[in-house]
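The block underneath contains the structure these notes are about, expressed in C-alpha cells.
None of the figures in this text is laboratory data; all of them are computed from the coordinates on show. Keep in mind that what you see is a predicted model, and the values were worked out from it rather than measured. When we count neighbours, we look across all protein chains shown, and the Cβ atoms used for this are built from the backbone with ideal geometry, even at glycine.
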Amino acid sequence: MLPLIQRNLKLFFRNRAGVFFSLLGALISFILFVVFLKANMLDSWNQLKHPARMFDFWVIGGTLAVTGITTTLSALSRMTSDTERHVYEDLILTGLSRLKIQISYILAATIIGTVLQGVLYFVMVFYFNKTDGIQIEWSISLQLFSVALLSSFSAALLNFALVYFMRSVDTVGKFSSIVGAMSGFLVGTYIPVGVLPEFAQNLVKLTPGAYVAAIYRQLLMHDILKNVNTNILGNLKKELGIGITLNSHLTSLGQNVGIVSGVTLVLLVVIVIINTYYQRKRRVGME
C-alpha cells in the first residue's frame with residue numbers, strides 16, 4: 001500500500017498547475033482579505049486593541065480550513081482518473097484489496113492536505129509578520145499541525161465519499177470548482193459568519209469546515225482575545241465564527257474538536273460500509 005501512496009503523491013506534486021489550482025480557493029480568500037475585506041473590518045471594529053493582528057489570525061484560520069477542503073478534493077481526483085483509464089483494475093491485480101487501494105488514495109490526500117496547509121501557513125505568517133508584526137509561538141504551531149492533520153483526514157474522507165460516485169475527471173473538475181467557490185463562504189472567510197443571513201448561517205453549521213476554522217481561530221486568537229472587552233467579546237466571537245452558535249451557546253475549543261472528530265469517525269464507518277456493500281454486490285454478480 002505504501003508504494004501506492006508514494007505514487008499518488010508523486011503524480012500530484014508533479015502536476016504544478018494542479019497544485020496551484022487546488023490552492024486557488026484558499027489563495028482567493030487570502031487575497032480578498034488583504035485587498036478588500038481587511039480595511040472594512042478594521043473600520044467596523046476600530047475599538048479593539050491591535051485589530052489588524054486579530055484579523056490576521058482570523059483569516060489565517062479560515063484560509064487553512066479552505067486549504068484542507070480544496071487540496072484533498074483535488075488529490076482524490078486521481079482515483080477518478082485511475083477508474084476512468086482502467087488503471088484501478090490493474091491495481092487490483094497486484095493483490096491488494098479494494099479497501100486498501102481506497103485507503104491509499106485517502107492517506108495520500110491527507111498528506112497532501114496537511115503539507116499544503118503547512119506551506120500556506122508559513123507564507124501567511126511571513127507576510128503578516130512583515131506587515132503587522134504578528135508572531136506565533138512554536139507550541140501553537142505544533143497544535144495547528146495536529147489540527148491540519150485531523151482536518152485533512154476528515155476532508156479527505158468526506159471528499160472520498162462524494163468523489164466515489166463520480167465516474168469522470170470532468171465531473172470531478174466541475175465539482176471542485178463549485179467547492180472551491182463555496183468553501184470560503186462555508187468557513188466564513190469571504191464574509192464573516194455573523195454577517196450571513198440566518199439560512200446561510202444554519203447551512204454553515206452543517207459543514208465540518210466551519211468547525212475546523214473555529215478550532216484554528218480559537219488557537220491562534222486565544223491570547224489576543226484576552227484583551228477584548230467582555231461586553232463585546234461574545235458578539236465578536238459569534239460574528240467572526242470563532243465559535244459556532246449551537247443551542248444559543250458558542251462552541252468551545254474542546255467541543256469543536258469533538259464535533260470534527262465525531263464526523264471523521266462517522267465518515268470512516270460509512271466508507272467501510274459502502275465498500276463492504278459494493279464488494280458483496282460484485283461477488284454476487286460473479287457467482
key: Rounded FRET efficiency, nearest 0.05, which uses the C-beta distance separating PHE13 from VAL269 and R0 of 25 Å   = 0.25
remark   = Expected sort for 186-196, 257-267, 208-218 on mean C-beta neighbours within 10 Å, highest first, is 208-218, 186-196, 257-267
message = With a cut-off of 8 Å between alpha carbons and a minimum separation of six or more residues, what is the relative contact order of the range 176-220 in percent?
response = 34 percent
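Which peptide among 120-126, 107-113, 131-137 comes first, and what is the full order, when sorted by highest mean count of other Cβ atoms within 10 Å?
My ranking of the peptides, most packed first, is 107-113, 120-126, 131-137.
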task = Measure nothing fancy, just the Cα-based angle from helix 98-132's long axis to the longest principal axis of the chain, in degrees from 0 to 90, nearest 10.
result = 20 degrees
inquiry  = Over the chain, what is the relative contact order in percent, taking alpha-carbon pairs closer than 8 angstrom and at least six residues apart?
reply    = 24 percent
remark   = LEU24 and SER139 label points (each 7 Å along its Cα→Cβ direction) are spaced in nm at 4.2 nm
key: Likely footprinting exposure, PHE185, PHE153, fewest C-beta neighbours within 10 Å first   = PHE185, PHE153
remark   = Calculating semi-axes √(5λ) of the Cα gyration tensor in Å from this structure picks out, from (i) 37, 19, 16; (ii) 25, 22, 20; (iii) 30, 22, 19, entry (i)
inquiry  = Placing +1 on the Cβ of each Lys and Arg and -1 on the Cβ of each Asp and Glu in the chain, which of PHE126, GLY209, GLN279 has its Cα farthest towards the positive end of the resulting dipole?
reply    = GLN279
query = On a 0 to 90 degree scale, rounded to 10, what angle separates helix 2-14 from the longest Cα axis of the chain?
reply = 60 degrees
Most positive-pole-ward Cα, GLY262, ILE244, LEU144, against dipole of the range 141-287 from beta carbon charges = GLY262
query = Once you charge only the Cβ atoms, +1 for Lys and Arg and -1 for Asp and Glu, what is the size of the charge dipole of the range 2-286 about its Cα centre, to the nearest 20 debye?
reply = 720 debye
ask   = Short version: ³J(HN,Hα) in whole Hz for each residue of the range 61-73, in order, from phi by Karplus 6.51 cos²θ - 1.76 cosθ + 1.60 (θ = phi - 60°), x for Gly and Pro, what are they?
value = x, x, 5, 5, 4, 5, 4, x, 6, 6, 6, 5, 5
query = Taking the range 1-36, which trypsin sites (Lys or Arg not before Pro) meet the DSSP loop condition and have no more than 14 other C-beta atoms within 10 Å?
reply = none
task = Relative to the longest principal axis of the C-alpha atoms of the chain, give the angle of the C-alpha long axis of helix 169-186, reported between 0 and 90° and rounded to the nearest 10°.
result = 20 degrees
